[in-house]
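Throughout, read-outs are computed from the coordinates displayed, never taken from laboratory work. It should be emphasised that the depicted structure is a prediction, and the values quoted were computed from it without experimental measurement. We place every Cβ from the backbone using ideal geometry, glycine too, and count neighbours over all the protein chains shown.
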Amino acid sequence: MPSGPVKVADIARDSVRNSEAPWDSFNALEYLNENYLRLQQEDRLILTAVRDHFGAHFQRHGGGGLRGLDVGAGTNLYPSLAMLPWCSRITLFERAPGNVAWLRGEVAGYGRNWDAFWRLLAEHPAYQGIDDPRALLSGAAEVVQGDLFAQLPERGADVGTMFFVAESLSTEREEFVKAVNVFVRALRPGAPFAVAFMENSDGSDVGELHFPACRIVTNDVVDCLRGHAADGLQVNRIEIPGELKLRDGPTCMLLALGQIR
Ligand SMILES: C[S@@+](CC[C@H](N)C(=O)[O-])C[C@H]1O[C@@H](n2cnc3c(N)ncnc32)[C@H](O)[C@@H]1O
């Protein structure tokens, strides 16, 4: 391993554990600008499926005043927005200091780029009763800095999301499996969840820095979640047509939707 932060020029496939990646230098604005200034096609597909999953779950089971949890929130507010109708508290749990600082500022009054994400959510009746999602998120959101491997409380959340984190925090398969396990253990029995993954990712560049990933496919996700999920677990492939591909790297994303046993 090279000493110091891993640069793009370093060999991307070297083993990089979570504790070795340059999270302290993660550039929140670069990542935001690359991924979430506009609602991209892949996020439209993912958010629609997540919205319909949570909407259907809470229509069947009811729910209000719940505790939501988004693990590894980065600079992505849409998982939290998707949980908003049912939550009085949403914890955005994140390791990188730059992302934590960005999140703390953003949840206080989020930018207009997120309005397109909310409009998509508000096509579902469950979201239509919320007049001011900006104010509601500001009151509900709690940004917590921490390492999910060490500091995520068990069984604390009633609904949860983790987007592009478990496979994108190191090259090590064992850490991918552990991250999924830690996430599901942070949820209460019966909690609905949505977890998104990049398939076969070699990692990604944010500015000058390379961030590691573990190459996974659908069966890896099913294997990790099957033992924790109630009947009805779905793992969907979100295929992105070449001409619409805007993110670097893989053209397929995986979205797991289910409920904790
Ligand atoms: C690829 S980004 C995904 C960010 C965001 N969830 C999204 O949908 O774009 C991976 C995120 O996981 C966070 N992360 C990495 N290791 C972590 C750890 N041990 N504990 C908590 N968060 C971590 C990173 O700081 C980064 O924000």
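For ARG67, what charge total do you get from the other residues with a beta carbon under 9 Å from its beta carbon, if Lys and Arg give +1 and Asp and Glu give -1?
Details: positive: ARG89, ARG188; negative: ASP158.
With Lys, Arg at +1 and Asp, Glu at -1, the net is +1.
Amide H neighbours of THR75 under 5 Å, at least 5 residues apart or on other chains, H built in the peptide plane: list them.
Answer set, sorted by chain and number: none.
If we count every other residue with Cβ under 15 angstrom of GLY139's Cβ, Lys/Arg +1 and Asp/Glu -1, where does the sum land? Before the final figure, lay out the partial values.
On the way: positive: ARG67, ARG89, ARG104, ARG134; negative: GLU106, ASP131, ASP132, GLU142.
Every neighbour counted, the sum reads 0.
Could you state the per residue volume, in Å³, of the convex hull enclosing the Cα atoms of region 103-171?
Working: hull volume 9.7 nm³, N = 69.
Dividing the Cα hull volume of region 103-171 by its residue count gives 140 Å³.
Roughly what would the spin-label model give for SER88 and THR48, points 7 Å off Cα along C-beta, in nm?
Placing both labels 7 Å along Cα→Cβ, they lie 3.5 nm apart.
Need the full-extension length gain, THR218 to GLU30, defined as separation in residues times 0.36 nm minus the C-alpha distance. One decimal, nm. Before the final figure, lay out each step's value.
Details: separation 188, 0.36 × 188 = 67.68 nm, distance 2.88 nm.
Length difference between fully extended and current span is 64.8 nm.
How far is it, in nm, from the label point at ALA108 to the one at ARG261 when both lie 7 Å from their Cα along the line to the Cβ?
Between ALA108 and ARG261, the label points sit 4.5 nm apart.
If each residue of separation counts as 0.36 nm, what is the full-extension length gain between ALA56 and GLU174 once their alpha-carbon separation is subtracted? It would help to have the intermediate numbers written out before the result.
Working: separation 118, 0.36 × 118 = 42.48 nm, distance 3.32 nm.
Stretched fully, the ALA56-GLU174 segment lengthens by 39.2 nm.
Please list, in order along region 184-190, the HN-Hα scalar couplings obtained from phi with the Karplus expression 6.51 cos²θ - 1.76 cosθ + 1.60 (θ = phi - 60°), rounded to whole Hz, x for Gly and Pro.
Values per residue, Gly and Pro as x: 5, 6, 7, 9, 7, x, x Hz.
Compute a Gaussian network model of the chain, connecting alpha carbons closer than 10 Å, and tell me which residue from ALA150, ALA28, ALA213 fluctuates the most.
ALA150
Using DSSP loop states and a limit of at most 12 other Cβ atoms within 10 Å to flag GluC sites (Glu not before Pro), what is the longest stretch of the chain containing no flagged site?
By the stated rule (loop sites, at most 12 other Cβ atoms within 10 Å), 1-122.
Can you give the extra length, in nm with one decimal, that the chain gains between SER138 and GLU123 once fully stretched, where that is 0.36 nm per residue apart less the Cα-Cα distance?
On the way: separation 15, 0.36 × 15 = 5.40 nm, distance 2.18 nm.
Difference between extended and current length: 3.2 nm.
Just to confirm the filter: which trypsin sites (Lys or Arg not before Pro) across region 148-234 are DSSP coil and have at most 15 other Cβ within 10 angstrom of their Cβ? Display every interim value, and only then the final one.
Details: sites: ARG155, ARG173, LYS178, ARG185, ARG215, ARG226; in loops: ARG155, ARG215.
Listed in order of number, the matching sites are ARG155.
For LEU47, what charge total do you get from the other residues with a beta carbon under 12 Å from its beta carbon, if Lys and Arg give +1 and Asp and Glu give -1?
On the way: positive: ARG44, ARG51, ARG119; negative: GLU42, ASP43, ASP52, GLU123.
Net charge in that neighbourhood comes out at -1.
Would you mind ranking THR218, THR91, THR171 by Cβ crowding within 10 Å, fewest neighbours first? Kindly include the intermediate steps, with their values, before the conclusion.
On the way: THR218 15, THR91 25, THR171 22.
Exposure proxy ranking, most exposed first: THR218, THR171, THR91.
Can you compute 3J(HN,Hα) from phi for each residue in region 61-69, using the Karplus curve 6.51 cos²θ - 1.76 cosθ + 1.60 with θ = phi - 60°, rounded to whole Hz and x for Gly and Pro?
9, x, x, x, x, 8, 9, x, 9
Relative contact order for region 55-164 using alpha-carbon pairs under 8 Å, separation at least 6, rounded to a whole percent?
Numbers: 165 pairs, mean separation 44.8, N = 110.
Contact order relative to length: 41 percent.
Going through region 33-89, which trypsin sites (Lys or Arg not before Pro) have at most 14 other Cβ atoms within 10 Å and a DSSP loop state?
Details: sites: ARG38, ARG44, ARG51, ARG60, ARG67, ARG89; in loops: ARG38.
Hits after loop and neighbour filter: ARG38.
Test of understanding: in a Gaussian network model of the chain with alpha carbons linked when under 10 Å, which of ILE46, ILE90, ILE130 would top the mean-square fluctuation ranking?
So, out of ILE46, ILE90, ILE130, the one fluctuating most is ILE130.
Picking from GLY146, GLY190, GLY129, which is most flexible by a Gaussian network model of the chain using Cα springs under 10 Å?
Largest GNM mean-square fluctuation: GLY129.
By counting other Cβ atoms within 10 Å of each Cβ, how are LEU69, LEU121, LEU169 ranked from fewest to most?
Details: LEU69 30, LEU121 23, LEU169 27.
If I rank by nearby Cβ atoms, fewest first, I get LEU121, LEU169, LEU69.
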